[in-house]
Amino acid sequence: MRKNKLLLLIFVILSGCTLFPIDVPVKIYNVDNGDVFSAVFKWTGRQGTVSTTTPNGTQCSGEYFTQSSAVSGSSQAWGNIYGWGYNDFSSVTGTYYAQRGSEQGTAILRCEDRNVLQCEYVVNSNTQGNGYCRDNQNNKYRFMF
């Protein structure tokens, strides 16, 4: 019985899952006006929740999903926001490729004032990364964790 529990724990660790949520703090920078605010990703593995309070006090919450870059490849479904930010928030189009071993993610948050933030990010094997967001009020953001 004890051996089975140990094997289960090893499987959980190796599969990237966690039994307890871990708060991952993120600083979000509005590149238009210089506002800085914090968000918290409740890391429970590849999918979880995210929340923030904007500089004007509005509460926002939503969810995130992370997947291997090998899974998404060069799909147009991911990278519209990250590629846009990667190109210095310009209308220039280009192709962005994630390095081997990194993972791509997306997050979406709905705020009490009906603002919606859509974000895309890349994370490395050390759970460090960066990303870009835009909202439905034409604000542009960059974040790092």
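Quick note: the coordinates plus some simple rules give every number you see, no bench work behind them. Note that the structure is a prediction, hence the values are computed from the model and not measured. Positions of Cβ are backbone-derived with ideal geometry, glycine not excepted, and every protein chain shown enters the neighbour counts.
Between GLU112 and ASP35, the contour length at 0.36 nm per residue exceeds the alpha carbon distance by 25.9 nm. For the pair ASN126 and ASN80, a Förster radius of 35 Å applied to the C-beta separation gives a FRET efficiency near 0.85, rounded to the nearest 0.05.
Neighbours of GLY62 by Cβ distance under 15 Å: Lys/Arg scored +1, Asp/Glu scored -1, total -1.
Taking label points 7 Å from Cα along the Cα-to-Cβ direction, GLN137 and GLU63 give a separation of 2.5 nm.
Sorted ascending by nearby beta carbons within 10 Å, beginning with the fewest, CYS111, CYS133 become CYS111, CYS133. FRET efficiency for the SER51 to SER102 pair, using the beta carbon distance and R₀ = 30 Å, is estimated at 0.75.
Close amide-amide hydrogen proximity is noted between GLU63 and VAL50, ILE108, each under 5 Å apart and 5 or more residues distant or on a separate chain (H modeled in the peptide plane; Pro and chain starts excluded).
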